[in-house]
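Below: one structure, written as structure tokens.
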Number of protein chains: 4
Amino acid sequence: MDFRSDNVAGAAPAILDAVIAANHGTATSYGADPWSARVEVLLAEIFERKVRAFPVATGTAANALALATMTPAYGAILCHEEAHIHLDECGAPEMFTGGAKLVPLPGGDGRIGPDALRDMLERTLNGDSHRVQPAALSLTQATEAGTCYHPAEIAALAEIVRGRGMKLHMDGSRFANAAAHLGVAPAEITWRAGIDVLSFGATKNGALGAEAVVFFDPGLAETFEFRRKRAGQLFSKMRFVSAQLEAYLAQGRWLSFARHANAMAARLADGLQRLPRVALLHPVEANEVFVRLPLDVVSGLLEAGFRFAEWTDAGPGAIRLVAAFNTDPGHVEAFIAAAAKLTSAAA
Amino acid sequence: MDFRSDNVAGAAPAILDAVIAANHGTATSYGADPWSARVEVLLAEIFERKVRAFPVATGTAANALALATMTPAYGAILCHEEAHIHLDECGAPEMFTGGAKLVPLPGGDGRIGPDALRDMLERTLNGDSHRVQPAALSLTQATEAGTCYHPAEIAALAEIVRGRGMKLHMDGSRFANAAAHLGVAPAEITWRAGIDVLSFGATKNGALGAEAVVFFDPGLAETFEFRRKRAGQLFSKMRFVSAQLEAYLAQGRWLSFARHANAMAARLADGLQRLPRVALLHPVEANEVFVRLPLDVVSGLLEAGFRFAEWTDAGPGAIRLVAAFNTDPGHVEAFIAAAAKLTSAAA
Amino acid sequence: MDFRSDNVAGAAPAILDAVIAANHGTATSYGADPWSARVEVLLAEIFERKVRAFPVATGTAANALALATMTPAYGAILCHEEAHIHLDECGAPEMFTGGAKLVPLPGGDGRIGPDALRDMLERTLNGDSHRVQPAALSLTQATEAGTCYHPAEIAALAEIVRGRGMKLHMDGSRFANAAAHLGVAPAEITWRAGIDVLSFGATKNGALGAEAVVFFDPGLAETFEFRRKRAGQLFSKMRFVSAQLEAYLAQGRWLSFARHANAMAARLADGLQRLPRVALLHPVEANEVFVRLPLDVVSGLLEAGFRFAEWTDAGPGAIRLVAAFNTDPGHVEAFIAAAAKLTSAAA
Amino acid sequence: MDFRSDNVAGAAPAILDAVIAANHGTATSYGADPWSARVEVLLAEIFERKVRAFPVATGTAANALALATMTPAYGAILCHEEAHIHLDECGAPEMFTGGAKLVPLPGGDGRIGPDALRDMLERTLNGDSHRVQPAALSLTQATEAGTCYHPAEIAALAEIVRGRGMKLHMDGSRFANAAAHLGVAPAEITWRAGIDVLSFGATKNGALGAEAVVFFDPGLAETFEFRRKRAGQLFSKMRFVSAQLEAYLAQGRWLSFARHANAMAARLADGLQRLPRVALLHPVEANEVFVRLPLDVVSGLLEAGFRFAEWTDAGPGAIRLVAAFNTDPGHVEAFIAAAAKLTSAAA
């Protein structure tokens, strides 16, 4: 019973079937194949407008390549201080942008607030030519804290950066989970709210390894083809990546997978927060549960064979549980029951 | 009947089956999984020594990441003037190395000769501090011309660069084809001949999308883990990449696939060179056939539905035919027959 | 009466005389000249050990080039959150290091404290391979707040980073002012306390434009020659830069210039802090005075023709006054008198 | 008697006097000073149009920064195979552009011919997305072979690149020598012929250390301020660099200095080519003489105390003599006389 991450899960059968089906005959290499074309069509339907979309191998590549289209080397990319691009990509955005600076902003529950953003732009990165020039804002949806930005929150941040000529990126490695939670049209939390480029994740939600960089700003897309090749992200047998994305997007699978994962997380949160000495660290809106347990309960759960991440950055007893597209409800109930037993025993 | 490239072919069933089999239960992400461990064991057996090996997504990534461990930013990487890293990777080695310079060397049939190498190192890149410092030599095996370096040829080049503290890289996107042709132990054309790092290709020879960077010099491997993550090449669900490599390496599949492709290319070459007004441009040693045909024959073959690459760099009438692990012998005979008919008709 | 910065001052006559004297006959270009050799000898005397030293054009270049020898592209450089390298060099360290990340640390009066450093290394940059790897710590001496690190403070920080294989850089654009204030041997606040590389400033203290990168760790110096050329910092007529440094270092001029500047700053601080409604923002230890004045006093001083920097980052009424090697004591007294008159008038 | 290079010469008295005169009072730092403003005015007069101009420290910095405004990281910069940017800047253009590729072109007497340029653009760098994208052409004026491009030659090359959206750079480290030789208006060999950005050298022609990057395309200038700061090329006491440029440009000094140097080179060439067994390697049009002498004559001249560069790239006996703004005519005559004596003695 493994809640370490959504990336310890395997692939969804429907997605794997699509890969198997794609293995037929020869196909033009490097993305000029029908699977890749259909991915763009499906994304256009989902986002209710024409888009340019490019498959890449990993979320880190999607983010770093997207950001590289949005900033000069002397630019600054503003992001939440816990953003994956800042903390967990070993400097990939710096590499792909040629050395732009990531500027962390504080904010509760993983969200950047307008005041912190405005303050940084007015007091520090105010265009002084001795300083890096603010070029982009990157939002994570769902956030690193498992919460979601509402359309109006995104629009408020977009308004601040627009007036300064900045671009807006969304790290959507868990975009499906956010869309499922919010229940709004995908357009409402992307281009209609001001997003220029979206890293649209599939790997964490049932693909083998496939992400799409989706451009709502066609001008930014112009250089992407060269940047992707140069970054070693242009697959020769692209059909096997695009087939994953096609199956993921078709028939609303991306949303139904996310709804399941979110429901499992919600059930975990609901069950755990009723226990004594247990506190949720953030509201549970997507598929992640951040919770503080008594230390002996953490030990007891590990000894019982449950697997999860100890979240030491948040202090002793903090853990993270992540549900996936295929999380077994029985595992969820077993976890809650074990935690209940351990908390009552310890009391 | 499609001879455009080995990457228009699909995946070998045994490799796809391994991917399907890997989709079972949860697995630790980011490479700490049993499939990845077994890939290193298999490579150690094949190369008759301990190695470090890291899966990546594409051949371009394998090459650029390998080279990044071998050169400072002010270094030079010497390679053949037609090398993929120089001509066909959109500047990936420059990006991954932080701006090192690729220095092209001439040489017949795709091979660098010792004189051209020595001349460049003695006359131009001789350590002058105003110039880039020679850091690495990259050989392509099989070469871009479809030929192979023999062990003694590699050793002779290695001797020249060793005395200058340079490292030696092999771009082995078609390493299997070279090993199959030469019929020597893989160690003989790699570390025993002086190679430090090998880009070991699988995609062109039956995988969906998987390459391994193989380090014979363990010191060079030390930074790789960070470089790979930073480059967006660390897959979260790594098992699906490593499972491909495991199946490819197991039971000698990599060699048997390559032997088939080579045999198909040899048959094409043999059949074509007997025809009037047809000339092979290079010896056919691996799975590529470069040949010059009369222009009307080229047109006739295209009209008949055969697909292949027009190789305009080599002048009018030059074409490239590539055989894959699954090339149908009937397609080969059909091509030869069609060419025979067209050449005799035109004569 | 201009207190905006020490770089609005001109050049010291003794330094300009040395430039004039260097304009005699031909000289080997690119640093292989006797002036450059003598600079290294003088620095060895000052630091009581053999050093390697390289002149460059600006403080930004000195810092960025020094840091480039200390970190891989996937490394982190820890520094104070107000450090010049982080805030005021438009991303130069990121450019010269190939994209390393600058990680800001908090600390009062411009100094990094051991707890903040240890906390970052233990909780965040703890070697996790998904994160940048801590490679260097950069200290500013004198700090951005005009204060100085004592030898024991440097040694305490050095001990923390040494155990982790990190290197230690000192941004000494005002190194002379710190040395003059502390009254210790230069060795005590550099290599004996653990510093590996020093950016030794001269421009702010009487040179026309000359800084030296001083290596106490000879291994780090090995690549510098190439990095400097590649960065466009290798002057062909180097004698005119080295002659400045020679004159600056000879006869203790660097220290006597700094003592004068420090004394002028101390006098300003002493005079101002006796006034009502005036508060020093930091202890005045080098040649900078950060002080908060009533807003009407700030206006009055500007109207009276005094020039200084409004330090808005520190809130309304904050200003910075900088004294130089040639600051006129009469200007200092005039400033104090004007401030006294304005504060009493306003009271 | 030292003919090694024009950068072994000192500074012109008029230029040094301007530096001395600039050392008066305080001045706004970082280029917002009257000297810098006057440099732009003088350049506008010389080029008969509005320009943006930025002083930097070295020719390498001028070239690399200029090129960085003209190419994306995935771009190619075409240049002569002997260009300083390609051979002698230790990879500076690669560093400043974030890894663009320099593509060498052949051409007699240091000049790129239209056929080699067109061939490269049509056959190799033809926009294929797997290859770097042609972004700029860089011409050296005067060339590395001491020859000059005529206005029509530049315009012919410009026409080829314009149609492809490429930009045109001129490395003018010896621009004055070229302008003096050609006797045309500076505009004729720059913007009127299609040049977008000029690296305008002063150091080799009498300055201490000062070059200007001159933009004829104002759009390209927009990012320069940030790039220069980020590269450590923004001098705080800029007046001391700008004062050099002002003196250099005023009263036609740049041209009169160059005329003297050219005349000295012409006299050397004239005297030497009359000698037996002596051959000029290139026409002498600027201030450099490339000549092949018998080996014993080379030895004899060195033994007699003459200093010059042995030009081994051009084979045994090849040497380079460079005249400067202050070359003594007596030294020239002495050299010719010594060579004459040695050649006749040996005969």
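Please treat every number below as a calculation from the coordinates, not as lab data. The structure displayed is predicted, hence computed values, not measured ones. All Cβ positions, glycine included, derive from the backbone under ideal geometry; neighbour counts span all protein chains shown.
General remarks:
- Residue exposure proxy: D:ASP33, C:ASP328, ordered by other Cβ atoms within 10 angstrom of their Cβ from fewest to most, comes out as C:ASP328, D:ASP33.
- Volume of the convex hull of region C:14-149 (Cα atoms only), normalised per residue: 152 Å³.
- Taken residue by residue and averaged, Cβ atoms of other chains lying within 10 Å of the Cβ of B:80-89 number 2.
- Seen from all directions on average, the protein assembly as shown presents a Cα convex hull projection of 54.4 nm².
- Paired Rg and Dmax values of chain C, which use every Cα atom, in angstrom: 20.5, 65
- Sorted shortest first, the distances from the D:THR124 label point to those of the same residue in the other copies are 1.1, 4.6, 4.7 nm; each point sits 7 Å from Cα along Cα-to-Cβ.
- Legend: ranking of residues B:ASP128, B:ASP196 from fewest to most surrounding C-beta atoms inside 10 Å; resulting order B:ASP128, B:ASP196.
- Most fluctuating residue given options C:ALA136, C:ALA21, C:ALA180, as computed from a GNM of chain C linking Cα atoms under 10 Å: C:ALA21
- Computed 3J(HN,Hα) for region A:67-76, one whole-Hz value per residue from the Karplus formula 6.51 cos²θ - 1.76 cosθ + 1.60 where θ = phi - 60°, is 5, 4, 7, 10, 9, x, 4, 9, x, 10, glycine and proline marked x.
- Entries of B:LYS50/B:LYS167; A:LYS229/B:LYS50; B:LYS237/C:LYS101; C:LYS50/D:LYS229 with Cα pairs more than 24 Å apart: A:LYS229/B:LYS50; B:LYS237/C:LYS101; C:LYS50/D:LYS229
- With Cα atoms defining each centre, region A:116-192 and region C:74-147 are spaced 26 Å apart in the structure.
- Using only the C-alpha atoms, the convex hull of region B:1-71 corresponds to 150 Å³ per residue.
- Using C-alpha pairs under 8 Å with a sequence gap of at least 6, the mean separation divided by the residue count of region B:231-301 gives a relative contact order of 22 percent.
- Mean separation of Cα pairs under 8 Å and 6 or more residues apart, divided by the residue count, gives region A:1-129 a relative contact order of 16 percent.
- Dipole in debye (nearest 20) - the protein assembly as shown, about Cα centre, beta carbon charges: Lys, Arg +1; Asp, Glu -1: 0
- For A:LEU139, distant residues with modelled amide H under 5 Å away: A:HIS169, A:MET170, A:ASP171
- Local electrostatic count at A:SER242 - Lys and Arg +1, Asp and Glu -1, tallied over other residues with Cβ under 9 Å: 0
- Of the two radii for region B:71-219, the radius of gyration is 0.94 times the Kirkwood radius, both from the alpha carbons; that is the Rg over Rh value.
- Diffusion coefficient of region C:61-129 by Stokes-Einstein, Kirkwood radius over Cα pairs, 25 °C, 0.890 mPa s: 197 µm²/s.
- In terms of its C-alpha gyration tensor, region D:41-95 has a prolate overall shape, because the principal axis ratio a/c (a ≥ b ≥ c, square roots of the eigenvalues) is not below 1.5 and a/b outweighs b/c.
- Derived scalar couplings between HN and Hα for region A:270-280 equal 4, x, 6, 6, 7, 7, x, 6, 10, 9, 5 Hz in order, rounded to whole Hz, by the Karplus curve 6.51 cos²θ - 1.76 cosθ + 1.60 (θ = phi - 60°), x for Gly and Pro.
- Per-residue mean of foreign Cβ neighbours for D:95-106 is 6 (Cβ atoms of other chains, 10 Å radius).
- Dipole size of region A:211-334 about its Cα centre, with +1 on Lys/Arg Cβ and -1 on Asp/Glu Cβ: approximately 340 debye, rounded to the nearest 20.
- Of the residues B:VAL278, B:PRO13, B:ALA337, the one whose Cα sits farthest towards the positive end of the charge dipole of chain B is B:PRO13 (charges of +1 on Lys and Arg Cβ, -1 on Asp and Glu Cβ, taken about the Cα centre).
- Once you reduce region A:202-244 and region A:275-296 to the center of their Cα atoms, the two points are 35 Å from each other.
- Burial ordering of C:PHE175, D:PHE96, C:PHE335, fewest other beta-carbon atoms within 10 Å first: C:PHE335, C:PHE175, D:PHE96
- P(r) of region C:213-321 over all Cα-Cα pairs, binned every 10 Å from zero, in whole percent: 12, 28, 20, 23, 15, 2
- Only Cα pairs under 8 Å and 6+ residues apart enter the sum, and on that basis the relative contact order of chain C stands at 24 percent.
- Distance to the C-onto-D rotation axis is smallest for one chain C Cβ; residue and value in angstrom are C:ALA57, 2.
- Taking only Cα atoms of region C:132-214, radius of gyration then Dmax in Å: 12.7, 40
- Ranked from shortest, the separations from the 7 Å Cα-to-Cβ label point of D:GLN273 to its equivalents in the other copies are 5.2, 7.6, 9.1 nm.
- Residue-averaged 222 nm ellipticity for the protein assembly as shown, from DSSP H runs of 4+ at -39500 (n - 2.57), nearest 500: -12000 deg cm²/dmol
- Peptide B:126-135 - average C-beta neighbours from other chains (10 Å radius): 5
- Sorted from closest to farthest, the other copies place their C:GLU48 label points 5.9, 6.7, 7.5 nm away, with each point set 7 Å from Cα along Cα→Cβ.
- Summing +1 for each Lys or Arg and -1 for each Asp or Glu among the other residues whose beta-carbon sits under 15 angstrom from that of D:ALA318 gives -2.
- Karplus-based coupling profile of region D:84-98, in residue order and whole Hz: 4, 4, 8, 9, 10, 10, 6, x, 4, x, 4, 5, 6, 8, x, with θ = phi - 60° in 6.51 cos²θ - 1.76 cosθ + 1.60 and x standing for Gly or Pro.
- With a cut-off of 12 Å between beta carbons, the residues surrounding B:THR28 carry a summed charge of +2, where Lys and Arg count +1 and Asp and Glu -1.
- At an R0 of 45 angstrom, the distance between the Cβ atoms of B:VAL184 and D:ASP109 translates into a FRET efficiency of 0.40.
- Alpha carbon Rg of region B:265-333, scaled by the compact-globule rule 2.2 N^0.38 Å: 1.03
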